[in-house]
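The values are calculated or read from the model by the stated rules, or taken from the named source; none is laboratory data. Predicted model, so just to flag it, every value in this text is computed and none were measured. Note that we place each Cβ from the backbone using ideal geometry, even for glycine, and neighbour counts take in every protein chain shown.
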Amino acid sequence: MFRIRKIHDDTNVNKASLAQVQAILRTQFQALDEADIAKLPQQLKSPHKHRFRAILFVAEDARAQVLGLALLLHDPELHFCYLDFLSAARGGTGGGTGGALYQRVREESRSLEAKGLFFECLPDEPELSPDDKIRAQNIARLKFYEHYDARPIANTAYETPLRKGVTDPPYLVFDGLGGEPPLRRVYARSVVRAILERKYGKVCSPEYIDNVVNSFRDDPVQLRAPRYEPKATAGTSLGAPVRARPIALIVNDKHSIHHVRERGYVQAPVRIDSIIKEIDATSLFEHLPARHFALDYIKAVHDKDYVDYLKNACARVPEGKSVYPYVFPLRNHARVPEDLPLRAGYYCIDTFTPLNQNAYKAAIGAVDCALTGAECLLQGYTLAYALVRPPGHHAERDSFGGFCYFNSSAVAAHQLSHYGRVAVLDVDYHHGNGTQDIFYDRADVLTVSVHGHPRLSYPYFSGFEDEKGEGAGRGFNLNIPLPEGLDGEKFREALAKALARIRKFNPAYLVLVLALGLDTARGDPTGSFTLRAKDFHLNGRMIGDLRLPTLVVQEGGYRTRSLGVNARHFFLGLAEAEQPALLTRAAAHAKA
């Protein structure tokens, strides 16, 4: 068993994997220049310098041993992808690693709206590959790619050797990713010039490049006829068009166990039901069960004593009863009350967040959903949605409040930060004081929040513009507090500012602390903004335009009459920008 994950940079947690990747390249591509192997970390970090955006996929086992790799290069201006390397580790062929990696590369290319996937493959013609043993290996590779209807481009000079006597010059292979439009000559020439100049500019003369580019005369460009497999048809397991992965949906099935049936308690289970009813109708989602994770994941962002207190205090509350903080020991913080109910004020920031037998269990369930969603991103899903209750973004390192006990989104963000930089975007009406507190001194997790001004809105003490982080985290916390009565257009102006900061940070993952714009909705009992369904759709599109693997973690939103409709519109907008192929599939499903 193995998983495939995406590597965006050379942060500490990725260095061991990158070293293994480089070792595989040295072993499997012995003619490869050492300088090209050594530059891999820089390729990932500096796309402008290398004129391609590099995306590395690794297949890893449970011990983090790299079993195979795929290095994909993306040109966002010409809208094509180039597969630079695809290889299993020595002795690792035959286990499905190569096929799984190539499928993942195709999925990524489709999600990037590439017009096609290009790569080189050594020839199978005896006059180009005279060694029988080498030619047999070349044939096996070309046969593998023909499964996907990826074939060499015909009638060009691409495989012209640089020097006389050189054997096995590569074909240029094209995978149309199941698309129908033909490969036009003008476009193909632009792509070929980009590949030759950027990858081989040091060894290919301008005259050689011009000769190869100008040899593309067919319009549309022709592919070699299938030689090893019948032409793939729609419906076959390997040749069918790559379908965008659905949005992974993980629902906290324990969300209702801690419901408090008291007047004014707006965290009602019907909120979740109203969202599910509307988003399931879109066919965008795939329901997945939540995995259970160890407490160590929570204690990585929350104080150990606080976690233990919450567990013990909730266990001691009589069944059917709730405890509300009413004593706050601020004068002498060192004197902790012995009585657990009295101690609630030691750990709580308000007087309306109850402790009861099931609060701890429900909060654990919410964290499990968020972590499962994070795992989905590591496994190749582009979008995941942890639909949880209770919420979490008001829970600080050692305190609860605002109906929040554990900060699910912060736990997930911290876990993803092991694999690259993470941005947390909070668009709940109320400032996420807990998320800010947890990451305030860190530079690897950017926290950005668009919210009602704390002069007028809960939590009142946090979310001001001058709170920018401290220590290493200075400059990595951005608050955008907004006035009351804000409409959708003004909200989008603020959102654009938040997204510009995230683009500058260039994270590997986005954790969206999301009320789905729902407590920013017109008529929400806890907010004052006036956003409507069309605004949530546009917000989703703006966020989707970041093109980042995105985990959405549910937070607030309490107007149940519009909650589900607004959720549906948000995810339709998100999919429209992030995964247009997924939206097309959903539309076809709806018509059927």
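Results, tabulated for the structure shown:
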item: Helices (runs of 4 or more DSSP H) contained in segment 479-588 and holding at least 2 residues modelled with pLDDT of 90 or more and closer than 19 Å to Asp273 by Cβ; result: 560-578
item: Hits in segment 116-162 (condition: touching a Leu at 6+ places or on another chain (Cβ under 8 Å) and under 19 Å from Arg184 (Cβ atoms)); result: Gly116, Leu117, Phe118, Ala150, Arg151, Pro152, Ile153, Ala154, Thr156, Tyr158
item: Residues of segment 201-211 satisfying the condition of being exposed (fewer than 14 other Cβ atoms within 10 Å of the Cβ) and assigned to a helix (DSSP H, G or I); result: Pro206, Glu207, Asp210, Asn211
item: Tally of residues being surrounded by fewer than 18 Cβ atoms within 10 Å (Cβ to Cβ), among the basic types (Lys, Arg) and modelled with pLDDT of 90 or more across segment 140-176; result: 2
item: Matching residues in segment 431-457 - criterion: being out of contact with any Ser or Thr (no Cβ under 6 Å at 6 or more places or on another chain) and within 18 Å of Leu495 (Cβ to Cβ); result: Leu446, Val448, Ser449, Val450, His451, Gly452, His453, Ser457
item: Subset of segment 393-445 [farther than 18 Å from Tyr306 by Cα, part of a strand (DSSP E or B) and of a type outside the set (Val, Ile, Thr)]; result: Ala423, Leu425, Asp426
item: For Gln30: the one exception among (1) assigned to a loop (DSSP other than H, G, I, E, B); (2) within 24 Å of the chain's Cα centre (by Cα); result: (2)
item: Matching residues, segment 373-432, being at negative phi and aromatic (Phe, Trp, Tyr); result: Tyr381, Tyr385, Phe400, Tyr405, Phe406, Tyr419, Tyr429
item: Pairs, first within 12 Å of Leu128 (Cα to Cα) in segment 149-166, second among the β-branched types (Val, Ile, Thr) and modelled with pLDDT of 95 or more, C-beta under 9 Å, six or more apart; result: Thr160/Val212
item: Residues that are assigned to a helix (DSSP H, G or I), touching a helix residue (DSSP H, G or I) at 6+ places or on another chain (Cβ under 9 Å) and within 26 Å of Val213 (Cα to Cα), drawn from segment 128-162; result: Tyr145
item: Where Gly179 falls short, out of the listed (1) modelled with pLDDT of 95 or more; (2) in a loop (DSSP other than H, G, I, E, B); result: (1)
item: Those residues of segment 340-364 which are closer than 14 Å to Val327 by Cβ and assigned to a helix (DSSP H, G or I), in sequence order; result: Leu340, Pro341, Leu342, Arg343, Ala344, Gly345, Tyr346, Tyr347
item: Matching residues, segment 446-478, being assigned to a loop (DSSP other than H, G, I, E, B), of a type in the set (A, V, I, L, M, F, W, C) and surrounded by 19 or more Cβ atoms within 10 Å (Cβ to Cβ); result: Phe476
item: Any hit, segment 483-492, residues being surrounded by fewer than 22 Cβ atoms within 10 Å (Cβ to Cβ), aliphatic (A, V, I, L, M) and in contact with a helix residue (DSSP H, G or I) (Cβ under 6 Å, 6 or more places away or on another chain); result: no
item: Failed item in (1) at pLDDT 90 or above; (2) part of a loop (DSSP other than H, G, I, E, B); (3) closer than 23 Å to Pro152 by Cα, with Glu113 passing the rest; result: (1)
item: Residues (of a type in the set (Ser, Thr, Tyr), outside any helix (DSSP H, G or I) and over 27 Å from Asn506 (Cβ atoms)) located in segment 1-27; result: none
item: Residue check, Gly420 at pLDDT 95 or above and under 24 Å from the mean Cα position of the chain (by Cα); result: no
item: Residue match in segment 77-94 (condition: surrounded by fewer than 23 Cβ atoms within 10 Å (Cβ to Cβ), of a type in the set (Val, Ile, Thr) and assigned to a loop (DSSP other than H, G, I, E, B)); result: yes
item: Residue that is surrounded by the fewest Cβ atoms within 10 Å (Cβ to Cβ) [pool: residues in segment 361-385 that are out of contact with any Phe, Trp or Tyr (no Cβ under 9 Å at 6 or more places or on another chain) and of a type in the set (Gly, Ala, Ser)]; result: Gly365
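Conditions tested, residue by residue: (1) modelled with pLDDT of 90 or more; (2) within 22 Å of Val553 (Cβ to Cβ); (3) of a type in the set (Lys, Arg).
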position: His255; (1), (2), (3): no, yes, no
position: Pro269; (1), (2), (3): no, yes, no
position: Ile279; (1), (2), (3): yes, yes, no
position: Phe293; (1), (2), (3): yes, yes, no
position: Ile298; (1), (2), (3): yes, yes, no
position: Asp305; (1), (2), (3): yes, no, no
position: Tyr324; (1), (2), (3): no, no, no
position: Val336; (1), (2), (3): no, no, no
